[in-house]
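Visitor: Below you will find the structure I want to go over with you.
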Amino acid sequence: MTPTPPRALTIAGSDSGGGAGLQADLRTFFACRVHGLVAVTAVTVQNSLAVSAVAEIPAGIVAAQIETVATDIGVQAAKTGMLASAEIIEAVAKACDRVDIGQGGRIPFVVDPVAASMHGDPLLHKDALQALRSELFPRATLVTPNLDEVALLTGIGVRNRADQRDAAVALVELGAGCALVKGGHMRDDPECVDLFYDGRTFTELPAARMDTKHTHGSGDTMASSITAALARGMDLPAAVRYGKRFVTRSVRAAYPLGAGVGPVSPMWRLAQEDPAESGP
Ligand code: PLP
């Protein structure tokens, strides 16, 4: 019998195109050798070009999914993606408290403050930003915003590395344990530098900027690979370095899909062994 692997929970929306959202999270968890659990928050009608409709899951059902898997199966780390509404955010916060997820509890909690798709389609109601700040930031072990999300949450428009540091400090002042300010959207920078801040020290995580438009799901993949590493028992600085390597290689392995933006792909992780083609 195979021993039970570590478990990671994603609290996230579904992308019918299979590129981002919970589909990216589960693929990443699998590639990172952890069992993935899901609390679905919303179903998006989405392809490589746009999000054309969203159906939200009732907040009580979102909370019940979290509690039912955490109490039976057990969770070693959790993350959030698309949360859609203030009502869902409030239900997630209460459910996390009940099962020990977040800064007050024993289970590390990565909050990816998803606000919009890369095409600009909204994935969070405007009036839910305050709930994200007040309910989830104080519970977050780590927040992982991109620069658009930083501007919405802190009002800081990041144009250079100094602004990136100011943003990291502002995010921790909002209550997050640590912040990872992703620099991918700083397009003038020849490198793609993410900044990790633990409340005391700054660590820059550089990677070469890649010339590809296929980056759908990169934010989700970064947050879920960090979450998987935490579930496997790494400490936060090691998990963040692992996530940076994981997402960089996934962007390198991205592929075109449909007429628009293709997904980053963790399949490089599995390319060595197709279990049905090799072995007994
Ligand atoms: N769709 C869903 C359900 C998501 O959760 C996300 C990101 O978290 C996206 C789309 C957007 O991904 P991207 O910004 O990479 O297009």
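Visitor: For ASP235, ASP163, write out the residues from largest to smallest accessible area, computed with a 1.4 angstrom probe and no ligands counted.
Guide: Solvent-accessible surface, decreasing: ASP235, ASP163.
Visitor: What does the accessible area per residue of the chain come to in Å², with a 1.4 Å probe and no ligands, DNA or RNA counted?
Guide: Values: 12340 Å² over 280 residues.
Roughly 44 Å² per residue, with all protein chains present.
Visitor: Report, please, the projected area of the stretch 1-65 averaged over directions, based on the convex hull of its C-alpha atoms, in nm².
Guide: 5.1 nm²
Visitor: Looking at the stretch 202-280, I'd like the Rg to Rh ratio, where Rg is from alpha-carbon atoms and Rh is Kirkwood's inverse mean 1/r.
Guide: In the stretch 202-280, Rg relative to Rh is 1.04.
Visitor: If the chain between THR201 and ASP189 were fully stretched, how many nm would it gain, using 0.36 nm times the residue separation less the Cα-Cα distance?
Guide: 2.1 nm
Visitor: So, one more: What is the distance, in nm, between label points placed 7 Å from the Cα along the Cα-to-Cβ direction at VAL169 and at VAL45?
Guide: Roughly 4.7 nm, to one decimal.
Visitor: Can you give the direction-averaged projected area of the convex hull of the alpha-carbon atoms in the stretch 1-149, in nm²? Don't skip to the answer; put the middle values down first.
Guide: Details: hull surface 34.9 nm².
That works out to 8.7 nm².
Visitor: So how much slack lies between LEU270 and ARG245, counting 0.36 nm per residue of separation and subtracting their Cα-Cα distance, in nm?
Guide: 7.5 nm
Visitor: Convex hull over the Cα atoms of the stretch 63-138, averaged projected area in nm²?
Guide: Spelled out: convex hull of the Cα atoms, projected over all directions, averaged, 4.9 nm².
Visitor: Tell me, in nm to one decimal, what length is gained between ARG33 and ALA253 on full extension, where the rule is 0.36 nm per residue of separation less the Cα-Cα distance?
Guide: Additional length available on full extension: 77.3 nm.
Visitor: Using 10 Å bins from zero, what percent of all Cα-Cα pairs in the chain falls into each bin?
Guide: Going from the shortest bin to the longest, the percentages are 7, 32, 39, 19, 3, 0.
Visitor: By a straight-distance test (C-alpha under 16 Å), which lysines pair with LYS94 as possible cross-link partners, with residues fewer than eight away in the same chain excluded?
Guide: LYS94 reaches LYS79.
Visitor: Pop a pseudo-label 7 angstrom from the Cα along the beta-carbon direction at both ASP235 and LYS213 and give the gap in nm to one decimal.
Guide: 4.4 nm
Visitor: OK, next. Go through 255-268, 136-149, 102-115, 221-234 and give me the packing order, highest mean Cβ count within 10 Å leading. Could the numbers behind the result be given before it?
Guide: Working: 255-268: 17.9, 136-149: 23.6, 102-115: 21.8, 221-234: 26.9.
Result, highest mean Cβ count within 10 Å first: 221-234, 136-149, 102-115, 255-268.
Visitor: State the answer as a single residue: which of MET1, THR227, LEU49 lies farthest towards the positive end of the charge dipole of the chain, with beta carbon charges of +1 for Lys and Arg and -1 for Asp and Glu, about the Cα centre.
Guide: Positive-most Cα among the choices belongs to MET1.
Visitor: How big is the accessible area of THR212 in square angstrom, nearest 10, if you roll a 1.4 angstrom probe over the protein chains?
Guide: 50 Å²
Visitor: Same structure, new question: Return an integer: the convex hull volume of the alpha-carbon atoms of the stretch 152-208, in Å³ per residue.
Guide: Values: hull volume 3.9 nm³, N = 57.
Normalising the Cα hull of the stretch 152-208 by residue number yields 68 Å³.
Visitor: On to the next question. Grab the beta carbon distance between LYS126 and ASN160, set R0 = 25 Å, and tell me the FRET efficiency rounded to 0.05.
Guide: The value I calculate is 0.35.
Visitor: At 1.4 Å probe size, with the rest of the protein present, what percent of the exposed accessible area of the chain is carbon and sulfur atoms?
Guide: 54 percent
Visitor: Leaving ligands, DNA and RNA out of it, work out the accessible area of ILE61 with a 1.4 Å probe and give it in Å² to the nearest 10.
Guide: 90 Å²
Visitor: Still on this structure, please answer the following. Any number yet on Rg/Rh for the stretch 75-204, C-alpha, Kirkwood?
Guide: Using only Cα positions, Rg/Rh for the stretch 75-204 is 0.96.
Visitor: Among GLY102, THR10, PHE30, pick out the residue whose Cα is farthest towards the positive end of the charge dipole of the chain, where Lys and Arg carry +1 and Asp and Glu carry -1 on C-beta, about the Cα centre.
Guide: PHE30
Visitor: Using label points projected 7 Å from each Cα along Cα→Cβ, tell me how many nm separate GLN103 and SER52, to one decimal.
Guide: With each label placed 7 Å out from Cα toward Cβ, I get 4.2 nm.
The values are calculated or read from the model by the stated rules, or taken from the named source; none is laboratory data. Quick caveat, the model's predicted, so the values are computed rather than measured. Counting neighbours? That spans all protein chains shown, and the Cβs are built from the backbone with ideal geometry, glycine included. Remember, those area values only see protein heavy atoms, side chains included, never the ligands or the DNA or RNA. Shrake-Rupley method; radii C 1.70, N 1.55, O 1.52, S 1.80 Å.
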